[in-house]
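Okay, structure first, notes after.
Any read-out appearing in this document is the output of simple, stated calculations on the displayed coordinates, not a laboratory observation. Just so it is clear, the structure is predicted and the values come from calculations on it, not from any experiment. Glycine gets a Cβ as well: all are built from the backbone with ideal geometry, and neighbour counts include every protein chain shown.
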Amino acid sequence: MFGCYFLINIHICVWVALLCPLIIDGVIQAKTKYESTNTRRVITGFLFGIALMMIFIVSTKYCLMIGFEYGRKLR
């Protein structure tokens, strides 16, 4: 957990920017005759995976915090 803590503090715009290369590459492949290389697929998939997991971790953290606050109000 402590090894990736600095990634959790990154602004959401950075994560969205990391999602874009895979989306752009996929849309271009779907709309044209262009075919991506394996290297490009690995790089864009890696960036997409990192961003998606960090968004998942942060959203889980905030849901947990909201749940704790809700639980405290019930007492």
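Nearest 0.05, what FRET efficiency do C13 and L74 give at R0 = 30 Å with Cβ-Cβ as r?
With a Förster radius of 30 Å, E is 0.25.
Rounded to whole Hz and in sequence order, give me ³J(HN,Hα) for the stretch 63-75 from the Karplus expression 6.51 cos²θ - 1.76 cosθ + 1.60, θ = phi - 60°, writing x for Gly and Pro.
5, 5, 5, 5, x, 5, 5, 5, x, 5, 6, 6, 6
Give the lysines whose C-alpha is closer than 26 Å to that of K61, dropping any in the same chain fewer than 8 places away, or say none.
The qualifying lysines are K73.
Round to the nearest 0.05 the FRET efficiency obtained for I28 and M53 when R0 = 22 Å and r is the Cβ-Cβ distance.
About 0.35, to the nearest 0.05.
Per-residue ellipticity at 222 nm for the chain, helices alone: DSSP H runs ≥ 4 residues times -39500 (n - 2.57), over residue total, nearest 500 deg cm²/dmol?
-28000 deg cm²/dmol
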